[in-house]
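S.K.: Take a look at the following structure, please.
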Amino acid sequence: MKPLKIQHGIYKNLPGHTVYNSQAGTIVFALAIAFKLSGAPSIISETYGSSTLWAYIALSVIELLIAFAVFAFVRMQGDDLLRTTGNRFYKICCGVCSLWLTAKGAFYFCYCASYLAHEQFGGVEPSLFHLLLLAPIVFMGIKGIRTIARTSEIFVPVFIALIVLNLVFLETDLDIGRNFPIFSIEPKDFFSGLPRYGLWLGDLIPFIFLRIKNKHMPYLSGGITLSLGLVLTVIFLGVAVYGDALRTVTDLLIRIAGFNQLTMDIGRMEWTNLFAVIALSIISLSFIFYGSVAAAERATGFSLPAKIITSAVIAIVILSAQSSQAVAQFAVGVTGYVMSGFAVALPLLILATALFARRKYAGIYKNLGSEYLPEPPERPDAPDSLADNVLAGMKESAEQSQTIMPNGTLEPQPQEGNQ
């Protein structure tokens with residue numbers, strides 16, 4: 001009997017993008033450190049002053065809401081279901097998501113590249129530095145999520161150790177009271193200003209296009225907890241050290257490594273966090289690039305246009321951006337409100353679409369991940385001789401001439417005297 005094939009084209013339409021939860025956890029950490037602790041503290045501090053920590057907490061709550069929607073969608077295999085059923089609204093959302101991630105990646109890249117080229121490596125030709133930074137990002141983004149995940153799994157634990165050690169050996173004058181009051185500006189202005197920083201929201205949305213295979217330990221939830229805790233700790237210490245002067249600190253994570261007890265023994269320690277910021281930025285931007293390509297592939301069926309368009313947009317923005325400050329000022333204007341709207345709306349809409357499709361196509365959803373039904377056995381396994389008093393060797397020798405009954409016994413043969 002031929003195997004029964006499910007006629008829904010499930011495996012034909014599904015991607016093979018699978019990562020372990022340990023790899024997903026390291027990617028989450030890379031995204032948090034590279035983007036939320038590089039230039040964001042100084043930009044947010046310009047508006048919030050001593051309330052910067054509390055603004056970060058409010059933005060973190062929004063980020064956790066987005067993360068809940070994203071990983072709930074991943075857990076229910078929403079991408080598999082919506083691609084299998086050919087959901088048109090999902091294709092539209094993926095098209096919008098591809099454009100949004102392209103813009104997000106372009107802003108991120110330009111800010112990181114401009115900052116590093118002009119403020120960290122002032123003697124290097126900016127165009128050459130941009131090219132050197134862009135090459136590994138495009139390469140890893142084109143190679144796909146497996147390359148990004150393996151790279152992240154190898155290097156991120158090293159950077160976690162470096163960052164934590166720099167914080168452990170921190171030695172400086174701290175004034176915890178600089179983090180208070182909670183509302184150094186009017187509460188109305190506090191909450192209405194949060195959507196301006198939408199560029200730093202929704203970093204986890206590319207996980208929508210992945211499958212996550214769990215190991216025994218909860219690495220993903222641990223990665224989210226560790227990254228969130230470390231970001232808030234660094235912001236807390238940054239405000240306690242610099243106060244209102246935090247707005248002048250272009251890269252808090254690098255600068256705070258200078259207040260290290262080991263500086264007198266082994267020299268300046270900023271280079272450790274600088275190396276971490278560069279490497280984590282490459283991993284994070286590659287992940288954003290991958291998300292843009294994966295979203296375009298689901299929207300149009302082709303991934304090559306997204307690869308070309310994303311690279312071209314980044315190149316154009318680089319040529320037009322004069323400095324990291326110019327990019328930041330543009331990103332926190334009207335653009336910030338638009339980015340916030342998409343960062344919150346896209347995962348919620350996609351999750352709602354998947355929940356509706358799960359009810360409508362319950363039969364297909366039940367069979368997701370199964371290409372074939374089990375093949376019926378040609379014959380039941382023969383029981384041992386203790387059950388029917390027939391030796392297994394006798395059954396094997398008689399198999400050609402006799403039939404095995406459904407209960408595993410041999411079919412009785414007619415006696416010669418009865419023929």
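S.K.: Looking at the stretch 344-383 only, could you name the residues that are surrounded by 15 or more Cβ atoms within 10 Å (Cβ to Cβ), at pLDDT below 90 and closer than 22 Å to F89 by Cα?
M.R.: Those that are surrounded by 15 or more Cβ atoms within 10 Å (Cβ to Cβ), at pLDDT below 90 and closer than 22 Å to F89 by Cα: I364, Y365, L368.
S.K.: Here are some conditions: (1) in a helix (DSSP H, G or I); (2) at pLDDT 80 or above. C112 meets all but one. Which one does it not meet?
M.R.: Only one criterion is unmet by C112, namely (2).
S.K.: Looking at (1) at pLDDT 85 or above; (2) buried (at least 22 other Cβ atoms within 10 Å of the Cβ); (3) among the aromatic types (F, W, Y), find the lone condition where F190 falls short.
M.R.: It fails just one condition, (2).
S.K.: What are the residues in the stretch 148-184 that are of a type in the set (V, I, T) and in contact (Cβ under 8 Å) with a residue 60 or more places away in the chain, if any? I'd like the intermediate steps shown before the answer.
M.R.: We begin by selecting, within the stretch 148-184, every residue of a type in the set (V, I, T); these are 148, 151, 154, 156, 158, 160, 163-164, 168, 172, 176, 182.
Result: I148, T151, V156, I160, I163, V164, T172, I176, I182.
S.K.: What helices (runs of 4 or more DSSP H) completely inside the stretch 233-343 contain at least 1 residues that are modelled with pLDDT of 80 or more, β-branched (V, I, T) and farther than 19 Å from A32 by Cα? I'd like the intermediate steps shown before the answer.
M.R.: Numbers: elements: 252-256, 263-266, 270-300, 304-320, 324-331.
Where helices (runs of 4 or more DSSP H) fall fully within the stretch 233-343 and carry at least 1 residues being modelled with pLDDT of 80 or more, β-branched (V, I, T) and farther than 19 Å from A32 by Cα, they are 270-300, 304-320.
S.K.: Right, next: Being in a helix (DSSP H, G or I) and among the aliphatic types (A, V, I, L, M) is the filter; apply it to the stretch 216-232 and report the residue that is farthest from N273 (Cα to Cα).
M.R.: First pass over the stretch 216-232, keeping only residues in a helix (DSSP H, G or I): 219-232.
Narrowing the set further to residues that are among the aliphatic types (A, V, I, L, M) leaves 220, 224, 226, 228, 230-232.
Details: L220: 23, I224: 20, L226: 17, L228: 18, L230: 14, V231: 14, L232: 17 Å.
Filtering first and then ranking leaves L220.
S.K.: Continuing with the same structure: Against the condition open to solvent by 10 Å² or more (accessible area, probe 1.4 Å), part of a helix (DSSP H, G or I) and either acidic (D, E) or at pLDDT below 95 (or both), how does I33 come out, does it pass? So that I can check it myself, show each step before the final result.
M.R.: Numbers: open to solvent by 10 Å² or more (accessible area, probe 1.4 Å): no; part of a helix (DSSP H, G or I): yes; either acidic (D, E) or at pLDDT below 95 (or both): yes.
No.
S.K.: Shifting gears a bit: Just the residues that are without any contact (Cβ under 8 Å) to a residue 40 or more places away in the chain and under 14 Å from C112 (Cα atoms), please, taken from the stretch 130-144.
M.R.: L131, L132
S.K.: Of G198, G238, G291, G202, which residue is open to solvent by less than 40 Å² (accessible area, probe 1.4 Å), over 30 Å from R88 (Cβ atoms) and of a type in the set (G, A, S)? Give the steps one after another, and end with the answer.
M.R.: Working: G198 fails: over 30 Å from R88 (Cβ atoms); G291 fails: over 30 Å from R88 (Cβ atoms); G202 fails: over 30 Å from R88 (Cβ atoms).
Answer to the selection: G238.
S.K.: Does I185 qualify as being hydrophobic (A, V, I, L, M, F, W, C) and more than 15 Å from T233 (Cα to Cα)?
M.R.: Values: hydrophobic (A, V, I, L, M, F, W, C): yes; more than 15 Å from T233 (Cα to Cα): yes.
For I185, the condition - hydrophobic (A, V, I, L, M, F, W, C) and more than 15 Å from T233 (Cα to Cα) - is met.
S.K.: Working carefully through the options I142, I185, find the one that is in contact with a Gly (Cβ under 9 Å, 6 or more places away or on another chain) and aliphatic (A, V, I, L, M). Walk me through how you get there before you give the answer.
M.R.: Numbers: I142 fails: in contact with a Gly (Cβ under 9 Å, 6 or more places away or on another chain).
On inspection, the qualifying residue turns out to be I185.
S.K.: Here's a follow-up. Restricting attention to the stretch 213-221, does a residue exist that is surrounded by fewer than 18 Cβ atoms within 10 Å (Cβ to Cβ), over 25 Å from L162 (Cβ atoms) and under 19 Å from the mean Cα position of the chain (by Cα)? Give the steps one after another, and end with the answer.
M.R.: If we filter the stretch 213-221 for residues that are surrounded by fewer than 18 Cβ atoms within 10 Å (Cβ to Cβ), which is where we start, we get 213-218, 221.
If we keep only those that are over 25 Å from L162 (Cβ atoms) as well, we get 213-214, 216.
Checking which are under 19 Å from the mean Cα position of the chain (by Cα) leaves us with 213-214.
Yes, there is a match, as at least one residue in the stretch 213-221 is surrounded by fewer than 18 Cβ atoms within 10 Å (Cβ to Cβ), over 25 Å from L162 (Cβ atoms) and under 19 Å from the mean Cα position of the chain (by Cα).
S.K.: May I pose another question? Give the residue that is surrounded by the most Cβ atoms within 10 Å (Cβ to Cβ), with candidates limited to residues of the stretch 139-152 that are within 19 Å of A276 (Cα to Cα) and out of contact with any strand residue (DSSP E or B) (no Cβ under 8 Å at 6 or more places or on another chain).
M.R.: Here the residue is S152.
The values are calculated or read from the model by the stated rules, or taken from the named source; none is laboratory data. Quick caveat, the model's predicted, so the values are computed rather than measured. Don't worry about glycine lacking a Cβ; one is built from the backbone with ideal geometry, like all the others, and counts go over all protein chains shown. All accessible areas refer to the heavy atoms of the entire protein, side chains included, with ligands and DNA or RNA removed. Shrake-Rupley method; radii C 1.70, N 1.55, O 1.52, S 1.80 Å.
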